[in-house]
Structures are given as structure tokens and as C-alpha cells.
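Below is one structure, written out as C-alpha cells, with a few remarks after it.
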Amino acid sequence: MVKINGAELEIAGKTLAEYLAGTKYDPKRIAVERNGGIVPKAKYAETVLCDGDSIEIVSFVGGG
Amino acid sequence: MIPTKEQWIKALTDRHGEELQNAFSSAKVAVCGLGGIGSNIAILLARTGIGRLILIDFDRVDITNLHRQQYKASQIGMYKTDVLADNLREIAPYIELESHTERITEDNAAELLQGADIICEAFDDAETKAMLTDIVLSELPDKYLVAASGMAGMGAANSIRTRRITNRFYLCGDEISDVGDGIGLVAPRVALCAAHQAHTVLRIIAKKLEV
């Protein structure tokens, strides 16, 4: 199981890019934390999600 | 009359204590974007006696900025980097300022921010916020990032909060209220978010890293 923003999902083995492609997240407006570190955007396609991973996806909204 | 540097430092030290003020005086903080959040952060940090601020913005003051940004009607049309520096020096005459009147991009961000210990993300555009977050956390791993997301509209003041996402990455705002939803920005709520960011900077300097 992979935990994403608190939800346990059966997506171990997928890459982060594959997971994101099936969601409403816009990769240009997010930051992804995995097990305490940030996943660089350039590595979304090669980052394979593993059993036990804990991931938080932070979405940026406009305004400042 | 403008106080001497010694008087100024003494006034800050009397308020903050020597240990904390020495830490504030030695700190180097970058503010990326000098709009509603960034201009407020810069003023709060200058008042606190932060030693050096790096100010980055490509834009000029517009009449539509005055309802929430720390500029004056007489400064319309001028570069924000220039007039914010003037405003900051009126408050904190001995602060060290480094200004860059240019757009921060993926190509120049790491170089522009090299001299900072702590970086405040204060842009208005969501994609630019995400871009800077990516660059700082992947290319400048020894620095702290204090970013903002979600301070538009008339939502409750108490919904603005600070979260620690990683050891080096703090996020302030309600993370929901998008200016793109047409709800606009009002001065107090933007200032609340800026105050969260500025205070997070002070706490990092004071080695109080939890939120």
C-alpha cells in the first residue's frame, strides 16, 4: 500500500508520473513530498512508488 | 533625526535580547516577489532587524497594487525593488539590501538565491510558486524555503496556517483559496499569510523548527 495524502492506495509499482496522470493534479502546480524529502519534478517519471511509501502532494493556488 | 547604527542595534537588542538579535542580524533572507505577501514580509523582517534582505521582482508599482501592497501612491510606476528599498530604509536605516530587478526563472533562480540562508516564496502565480519550490528543494538543499499558497478572498483569518512539509520546506496559507476563482485579495488576509511566513523565518533563525 502507498499512502497518499492520508489515503491508502494499491499503486505500488507505478511511477509517480503514471499515478499523477490518472488524477486531477496539474504537475506544474504541485510539490510532492515522499518519506520526508521532496521529489524533484525531473524525477517524477523515474520514481517508482513502493509499498510503505508515505506521500504528500501539495497543491499551489494563485494569489500573493 | 535618524538614530545612529549603535542606537538602532541597542534598541533591537533591548527588545529581543542579545542572543536572538545577534542571530537576526547575521541572517540573510531572500524575498522572491514583492507583491502583497513579499512587500509585507520584507517590512516585518526589516523591523525585526534581519541583517540582509535579497529582494527580487521584475515589476513596477501599479495603482491596483495599493490596496494590499506596502507601497505609496507617489511610487506608482517605479520598480518595486527600488521603492521597497526606500521604504525599508526609512524603517531600518542600516539594513543591508541586495536588489535584483528581474524575473526569477528555472535558469537563474539557484544563482540569485545562493547568498540566502532562508528563501521566502511570495509570487502570485501558482506555476511559478511550484517552480521555485522545485528548484530550491532540489538544487539548494541546505536552504530553507517558506512558501505561500491560499490567502485570497474573505475566508476566516484562522484558516491561514503554517505547515512543515519537510525539514526544509514550510507552507503558509489555507492551501485552497485561489485568486483565480475571482475572490480577489484583501489586505489583512494577505498580511496574515505574510506574517506567518515572516514569523516562520524568525523561528527558523531561532532554531525553533517545529510549527
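Number of Lys-Lys pairs in region A:2-59 under 17 Å by Cα, sequence gap 8 or more or different chains? Show your work: numbers first, answer last.
Values: A:Lys3/A:Lys14; A:Lys14/A:Lys24; A:Lys14/A:Lys41; A:Lys14/A:Lys43; A:Lys24/A:Lys41; A:Lys28/A:Lys41; A:Lys28/A:Lys43.
For region A:2-59, qualifying lysine pairs total 7.
Between B:Asp59 and B:Lys80, the built amide H atoms are under 5 Å apart, and every one of these is 5 or more places off in sequence or on another chain. Applying the Karplus relation 6.51 cos²θ - 1.76 cosθ + 1.60 with θ = phi - 60° to region A:26-39 yields 3J(HN,Hα) values of 9, x, 7, 10, 10, 10, 10, 9, 10, 6, x, x, 8, 8 Hz, where x marks Gly and Pro.
Just to be sure I understand: of the beta bridges DSSP finds with both ends in region B:34-205, what percent are antiparallel, rounded to 5?
Details: 6 of 18 bridges.
Taking every DSSP beta bridge with both residues in region B:34-205, the antiparallel ones total about 35 percent.
Amide H to amide H, with H built 1.01 Å from N, A:Thr15 comes under 5 Å of A:Leu49, counting only residues 5 or more places away or on other chains.
From the protein chains alone at 1.4 Å, what is the descending order of accessible area for B:Ile2, A:Ile57, largest first? Write out the running numbers ahead of the final one.
Details: B:Ile2 120, A:Ile57 10 Å².
Output order, biggest surface exposure first: B:Ile2, A:Ile57.
B:Phe169 sits with roughly 0 Å² accessible to a 1.4 Å probe, with DNA, RNA and ligands left out of the calculation.
Computed over chain A, the per-residue total of -39500 (n - 2.57) for DSSP H runs of n ≥ 4 gives a 222 nm mean residue ellipticity of -2000 deg cm²/dmol, rounded to 500.
Just the number, please: carbon plus sulfur as a percent of the accessible area of chain B, 1.4 Å probe, no ligands or DNA/RNA counted. Could you put the intermediate results ahead of the total?
Working: 4850 of 9640 Å².
Ligands and nucleic acids excluded, carbon and sulfur reach 50 percent.
Net charge in the neighbourhood of A:Glu56 (other residues with Cβ under 13 Å of its Cβ; Lys, Arg +1, Asp, Glu -1) is +1. Quick one: longest stretch of chain B between exposed loop GluC sites (Glu not before Pro), exposed meaning at most 14 other C-beta atoms within 10 Å and loop per DSSP? Within chain B, the longest run free of exposed GluC sites (Glu not before Pro) spans B:107-209. A rounded overall shape is assigned to region A:2-59, the ratio a/c of its alpha-carbon gyration tensor axes (a ≥ b ≥ c) being less than 1.5. Only helices enter the 222 nm calculation for chain B: every DSSP H run of n ≥ 4 contributes -39,500 (n - 2.57), and dividing by all residues gives -12000 deg cm²/dmol, rounded to 500. Using θ = phi - 60° in the Karplus curve 6.51 cos²θ - 1.76 cosθ + 1.60, the 3J(HN,Hα) couplings for region B:61-69 round to 5, 10, 4, 6, 8, 5, 6, 8, 9 Hz; x is entered for Gly and Pro. Sorted into 5 angstrom bins from 0, the C-alpha pair distances of chain B split as 1, 7, 16, 20, 21, 18, 11, 5, 1, 0 percent. Applying the Karplus relation 6.51 cos²θ - 1.76 cosθ + 1.60 with θ = phi - 60° to region B:168-183 yields 3J(HN,Hα) values of 10, 10, 10, 10, 10, x, 8, 6, 10, 6, 9, 5, x, 7, x, 9 Hz, where x marks Gly and Pro.
Annotation: B:Thr101 carries an accessible surface of approximately 70 Å², with a 1.4 Å probe and no ligand, DNA or RNA atoms counted. The interface between chain B and chain A buries about 1900 Å² of solvent-accessible area in total (1.4 Å probe, ligands and nucleic acids excluded).
Distances between placed amide hydrogens fall under 5 Å for B:Leu145 paired with B:Ile119, B:Phe169, B:Tyr170, all partners being 5 or more residues away or on another chain.
Once a ≥ b ≥ c are taken as the square roots of the eigenvalues of the Cα gyration tensor of the protein assembly as shown, is the result rounded (a/c under 1.5), prolate (a/b larger than b/c) or oblate (a/b not larger than b/c)? Could the numbers behind the result be given before it?
On the way: a/c = 2.05, a/b = 1.64, b/c = 1.25.
The shape class here is prolate.
Accessible surface calculations at 1.4 Å, restricted to protein heavy atoms, place chain B at 46 Å² per residue. Taking the Cα centre of region B:68-150 as reference, the dipole from Cβ charges on Lys and Arg (+1) and Asp and Glu (-1) amounts to some 460 debye. Largest first, the residues B:Asp14, B:Asp117 sort by 1.4 Å accessible area into B:Asp14, B:Asp117.
Within 10 Å of the Cβ of each residue in B:124-133, the mean number of Cβ atoms contributed by other protein chains is 6.
Rounded to the nearest 5, what % of DSSP beta bridges with both residues in the protein assembly as shown are antiparallel?
Values: 17 of 40 bridges.
Approximately 45 percent, going by the DSSP bridge assignments.
The values are calculated or read from the model by the stated rules, or taken from the named source; none is laboratory data. Predicted model, so just to flag it, every value in this text is computed and none were measured. Cβ coordinates were reconstructed from backbone atoms using ideal geometry, including for glycine residues, and neighbour counts include every protein chain displayed. For the accessible areas, the whole protein counts, side chains as well, though only heavy atoms, and no ligand, DNA or RNA atoms are used. Shrake-Rupley method; radii C 1.70, N 1.55, O 1.52, S 1.80 Å.
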